[in-house]
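What follows is calculated from the coordinates using simple rules that are stated; it is not laboratory data. None of these values were measured; they are calculated from a predicted model. Glycine also receives a Cβ, built like all others from the backbone with ideal geometry; neighbour counts cover every protein chain displayed.
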């Protein structure tokens with residue numbers, strides 16, 4: 001049982017390049033989340049997917065798109081990377097909304113945009 | 001608006017000393033509260049959570065937290081800190097049936113021997 005996995009672990013992009021961050025969970029969770037972590041700002045929600053087939057914007061969605069590929073996988077895409085998107089990105093999953101449960105986090109992807 | 005304040009950016013304690021990390025929240029409904037720990041280069045691990053019931057909750061690694069509704073606080077404590085507790089600690093608040101967690105900015109704990 002690997003929990004929440006993320007690829008890649010590290011990535012360096014040039015301004016304007018695109019990339020997709022991958023996330024998968026093997027816990028049969030319904031809900032999945034993407035956060036970014038910046039120093040002194042904690043974690044901020046980018047997008048989430050309450051269940052397969054649905055996605056919604058979080059606090060800081062601009063410059064990102066997401067795809068809930070199936071129940072296991074939730075990807076985050078940067079279409080045209082900007083230096084302001086330099087951050088550590090965390091994926092998380094949760095059993096479901098409507099229940100007393102917590103989010104489980106992946107190990108993170110450290111992204112640098114030059 | 002929902003918010004979480006962790007007043008201390010950095011805290012340094014001696015190994016074996018007690019620890020208290022502060023967390024204050026602003027939330028319009030019944031808050032569900034969490035403490036997560038992040039070791040260097042790692043993801044976030046849940047230490048403990050409070051949904052309802054006894055306001056003193058026990059977590060992993062010897063941590064506990066107390067929910068005080070009158071003070072809008074959920075402070076994390078440990079009686080005796082170990083060097084391996086050096087990490088960043090995040091307090092978070094959410095709604096029971098909601099999707100979104102709001103995180104504090106984090107407190108970096110340093111342990112000196």
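Between region A:51-95 and region B:42-112, what is the separation of their alpha carbon centroids in Å?
Between the Cα centres of region A:51-95 and region B:42-112 lies a distance of 26 Å.
Label residue A:5 and residue B:82 with points 7 Å out from Cα along Cα→Cβ: what is the distance between them in nm?
Rounded to a tenth, the inter-label distance reads 2.9 nm.
Can you pull the mean other chain C-beta count within 10 Å for peptide B:85-91?
1
Taking the Cβ of each residue in A:109, A:5, B:30 as the centre, tally the other Cβ atoms inside 10 Å and list the residues starting with the fewest.
So the ranking, lowest neighbour count to highest, is B:30, A:5, A:109.
Hey, could you grab the Kirkwood Rh for region A:4-114? Inverse mean 1/r over distinct alpha carbon pairs, Å, one decimal.
13.8
Under the definition of Cα pairs under 8 Å and six or more residues apart, what whole-number percent is the relative contact order of region A:1-92?
Over region A:1-92, the number comes to 34 percent.
For region A:1-41, just the Cα atoms, rotate onto the principal axes and tell me the three extents in Å, largest first.
The Cα atoms of region A:1-41 stretch 36, 25, 16 Å along the principal axes, largest first.
Under a crude label model (7 Å from the Cα following the beta-carbon direction), how far is residue A:22 from residue B:10 in nanometres?
About 3.9 nm, to one decimal.
For the modelled label position 7 Å from the Cα of residue A:114 along Cα-to-Cβ, which residues of region A:49-89 have backbone nitrogen atoms closer than 19 Å?
Within reach of a label on residue A:114: A:80-88.
Take the Cα of residue A:56, step 7 Å along the line toward its Cβ, and report every residue of region B:81-113 whose backbone nitrogen sits under 15 Å from that point.
B:94-102
Sort the following peptides by mean Cβ neighbour count (other Cβ atoms within 10 Å, averaged over residues), highest first: A:26-37, B:60-71.
Put in order of decreasing packing, that is A:26-37, B:60-71.
Going by the alpha-carbon gyration tensor, a ≥ b ≥ c the square roots of its eigenvalues, is the protein assembly as shown rounded (a/c under 1.5) or, if a/c is not under 1.5, prolate (a/b greater than b/c) versus oblate?
Prolate, because a/c is 1.5 or more and a/b exceeds b/c.
How big, in percent, is the set of alpha carbon pairs in chain B lying more than 21 Å apart?
31
Using the per-residue mean of other Cβ atoms lying within 10 Å as a proxy for protection, in what order, highest first, do the peptides A:61-68, B:85-92 fall?
B:85-92, A:61-68
List, largest first, the extents of the alpha carbons of region B:17-78 along their principal axes, each in whole Å.
Taking max minus min along each principal axis of the Cα atoms, region B:17-78 gives 34, 25, 18 Å.
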